[in-house]
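Below is one structure, written out as structure tokens; the observations come after it.
The values are calculated or read from the model by the stated rules, or taken from the named source; none is laboratory data. A quick note: this is a predicted structure, and the numbers were derived from the prediction, not measured. Cβ placement follows ideal geometry from the backbone for every residue including glycine, while neighbour counts extend to all protein chains displayed. Quick note on the areas: whole protein, heavy atoms, side chains included, nothing else; ligands and nucleic acids left out. Shrake-Rupley method; radii C 1.70, N 1.55, O 1.52, S 1.80 Å.
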Amino acid sequence: MTKTILKAEDITMQFGGVVAVNNFSMEVHEGEIVALIGPNGAGKTTAFNVITGVYAPTNGAVYFNEEMVISNFPQGKMKKMYAGENHGKYTKKLEKTPDQITRLGVARTFQNIRLFRSLTVFENVLIAKHMRSKANVFSATFRLNGKEEQKNKKETMELLEIVGLSDLKDEIAGSLPYGKQRHLEIARALATDPKLLLLDEPAAGMNPQETDELTAFIKRVKEQFGLTVFMIEHHMDLVMEISDRIYVLDFGKPIAAGTPDEIQNNKRVIEAYLGVPEDE
């Protein structure tokens, strides 16, 4: 039986009176590439932010490696304001911060690249390696963590070689071509040793050549690192080429799920992207 790495259950995210995500459930199985698509404003990044601990959901739960890591229910003023579904189904409050989620084995990139732009390629990845370091303020101050730091530097260089960025290790991150910055952001995420990689619109702003290179890059790192991948993406050629399954959101609600072929031929998905004539 295939192991479920990530499961979102009845996720609802409400900001004041606005329900950004309403009753979203999905599963990502070990070794899959799963995409979340939908028109602008559909609630995709909000769902990502719930899964990675940036937002506590208003209602619902998230499981990683079949263990509940996030759960919440309407409380305080939201009890009366709540406009989502499944009111009363969840009664447990369980929150983890983004760094705690990362330590579990979940890494993500962002729609807007968030590199340390004034640091080198090598330094960007090395900083991410420190996420799993055992050093504390005392050992770092008195340089008692030398062996661990040498190990981190060695593994950083090995990672840059694997992802094809070793020749750029001394380049300033902000000076790299846009496509290479995207590759670096993914490499930095890989440095945290994830089991699950979340990509938020990795092809945003790319030209066709950069998109093709990114598609090949994602396939390669997925295989080389034995990753499971969950991504948001607007570039449909990329989505259809590498996804095993696809979920679709529209106005915060899930409207379809299936294989790329099923999604391409789904009437509700076509209407969500193209609109419906007024006389229908």
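Here is how the numbers come out for the structure above:
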quantity	calculated
Environment charge at Asp244 (Cβ cut-off 15 Å; Lys +1, Arg +1, Asp -1, Glu -1)	-4
Ranked packing of 75-85, 108-118, 23-33, most packed first, by mean Cβ within 10 Å	23-33, 108-118, 75-85
Virtual spin-label span in nm between His29 and Gln224, 7 Å along Cα→Cβ	2.7 nm
Sites Met81 and Gln111 - FRET efficiency at Förster radius 35 Å, r taken between beta-carbons, to 0.05	0.80
Förster radius 41 Å - calculated FRET efficiency between Lys93 and Glu123, Cβ distance, rounded to 0.05	0.60
Protein accessible area in the chain, 1.4 Å probe - carbon and sulfur %	51 percent
For the chain: rounded, prolate or oblate by the Cα gyration tensor [a/c cutoff 1.5]	oblate
Segment Glu149-Tyr273, length gained on full extension (0.36 nm per residue, minus Cα span)	39.7 nm
Listed peptides 259-265, 189-195, 86-92 by packing density, highest first (mean Cβ within 10 Å)	189-195, 259-265, 86-92
FRET E, pair Asn40, Asp167, Förster distance 45 Å, beta-carbon r, rounded to 0.05	0.75
Proximal aspartates and glutamates relative to Lys44, as straight alpha-carbon distance under 19 Å, when same-chain residues fewer than 8 apart are discounted	Glu9, Asp10, Glu27, Glu32, Glu85, Asp200, Glu201, Glu233, Asp237, Asp244, Asp250, Glu271
Cα-based shape type of the stretch 1-74, given that a ≥ b ≥ c are square roots of the gyration tensor eigenvalues and the cut on a/c is 1.5	oblate
Hits among aspartates and glutamates - C-alpha to C-alpha of Lys147 under 13 Å, sequence gap 8 or more where chains match	Glu155
Heavy-atom surface of the chain, accessible at 1.4 Å and reported per residue (Å²)	50 Å²
